[in-house]
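These notes concern the structure reproduced below.
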Amino acid sequence: MAVRLAAAGHRVHACLKEGRGAERFLPGIVRSSPPPAAESAAPTAGFADLLAEVGWDPPARLAERADRWREILAADAPDVLVLDHAPTALLAAQATDARVALLG
């Protein structure tokens, strides 16, 4: 997907848990950075636990992570976001004009 987007003239920025790994595989095509860090919590029993694990609890942590995502989005001003289970990025995207495609 990144190769086709770049070939069509788009800038591609990937926020990956693995950090800057995409730049190794697609040099000159993808700029990558790690997403705002999340602390691991207890094993998940449901979706609420999963959200807590990725930084939605306590509320101050959620605000902090959403602010970091807003900074990332403001720096790139994307037209489209392709998100794969990134609930905090999706929340932050609501403050932008970017269209969002969800994968998972």
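Just so it is clear, none of the values below were taken in a lab; they were calculated from the coordinates. Just so you know, these numbers come straight off a predicted model, no measurement behind them. As a convention, Cβ positions derive from the backbone with ideal geometry for all residues, glycine included, and neighbour counts pool all protein chains shown.
Within the listed set G55, G46, G28, the Gaussian network model of the chain (springs between alpha-carbon atoms below 10 Å) gives the highest mean-square fluctuation for G46. Among P59, P78, P87, which one shows the highest mean-square fluctuation when the chain is modelled as a Gaussian network with alpha-carbon springs under 10 Å? Among P59, P78, P87, the largest mean-square fluctuation in the Gaussian network model of the chain belongs to P59. Between A8 and L83, full extension at 0.36 nm per residue minus the direct alpha carbon distance yields a gain of 25.0 nm. Which residue, chosen from V3, L83, A66, occupies the Cα position most advanced towards the positive end of the dipole of the chain, where the dipole is computed from +1 (Lys, Arg) and -1 (Asp, Glu) charges on Cβ about the Cα centre? The Cα lying farthest towards the positive end belongs to V3. Normalising the average separation of contacting C-alpha pairs (under 8 angstrom, six or more residues apart) by the number of residues puts the relative contact order of the chain at 16 percent. Rounded to the nearest 20 debye, the dipole size of the chain about its Cα centre is 400 debye, using +1 on the Cβ of Lys and Arg and -1 on the Cβ of Asp and Glu. Of the GluC sites (Glu not before Pro) found in region 4-104, those that fall in a DSSP loop while having at most 13 other beta-carbon atoms within 10 Å are E18, E39. The amide H of R31, built 1.01 Å from its N in the peptide plane, has V12, H13, A14 as neighbours under 5 Å, considering only residues 5 or more places off or on other chains.
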